[in-house]
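Accompanying notes for the structure given below.
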Amino acid sequence: MVKVLNSNEFAENVENTKGVVVVDFSATWCGPCKMLAPVFEGVSNKMEDKAKFFKVDIDQNNNLAQKYRIAAVPTMIIFKDGVPVENLAGFMPEQNITNKVNAHL
C-alpha cells in the first residue's frame, strides 16, 4: 500500500531516510496520474523490501511541488539517502519503473 504524504511527513519519510525512496507527485484531476496509480501500487508491492514508495498530492502540498520543480504530473522522483537522483515524468509501464528503481539500489 502506497502511503500519501503531506508536507509535515515528507522530511521524515523521504529526505531523512537512508536507502531508495520513490515519490509519485500527482493530482486528483490528472488522467495520466489515475492511470499510473495502479501501476505504481503494483511496483510498490513487488519492491516493498527494496525501496519505499509514497504519493504526494501537488495541490495539497504546493510547497513540495515548488521545491522539487514539479512542472507536470505525474512526476516520480527517485531519492537515494534523501537526495533526488532521478526524475521520471509521465506515465510509465511497470517494468520501466522497476528498472529505474533497480538502477539506484
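Tabulated values for the structure
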item: Residue that is farthest from PHE79 (Cα to Cα), among those in the range 11-68 that are in contact with a strand residue (DSSP E or B) (Cβ under 8 Å, 6 or more places away or on another chain) and free of Cβ contacts under 8 Å to residues at least 40 places away in the same chain; result: THR28
item: Members of the range 25-47 found to be open to solvent by 20 Å² or more (accessible area, probe 1.4 Å) and either hydrophobic (A, V, I, L, M, F, W, C) or at pLDDT below 95 (or both), listed by number; result: TRP29, MET35, ALA37, VAL39
item: Tabulated pairs, the range 80-97, first over 14 Å from PHE54 (Cα atoms) and acidic (Asp, Glu), second in a strand (DSSP E or B) and open to solvent by less than 70 Å² (accessible area, probe 1.4 Å), C-beta under 6 angstrom, 6+ apart or interchain; result: GLU86/ILE78
item: Search result, residues across the range 37-61 that are of a type outside the set (D, E, K, R) and touching a helix residue (DSSP H, G or I) at 6+ places or on another chain (Cβ under 9 Å); result: VAL39, PHE40, GLY42, VAL43, MET47, ALA51, PHE53, PHE54, VAL56, ILE58, GLN60, ASN61
item: Subset of the range 51-68 that is open to solvent by 80 Å² or more (accessible area, probe 1.4 Å) and of a type in the set (Lys, Arg) - its residue that is farthest from LYS34 (Cα to Cα); result: LYS67
item: Residue among ALA71, ALA11 that is surrounded by fewer than 21 Cβ atoms within 10 Å (Cβ to Cβ), over 14 Å from VAL101 (Cα atoms) and modelled with pLDDT under 95; result: ALA71
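The values are calculated or read from the model by the stated rules, or taken from the named source; none is laboratory data. Everything numeric in this text was worked out from a predicted model, so none of it was measured. Using ideal geometry, Cβ is built from the backbone for each residue, glycine included, and neighbour counts are taken over all protein chains shown. The protein model used for the area step is the full one, side chains on, heavy atoms only, and it has no ligands, DNA or RNA in it. Shrake-Rupley method; radii C 1.70, N 1.55, O 1.52, S 1.80 Å.
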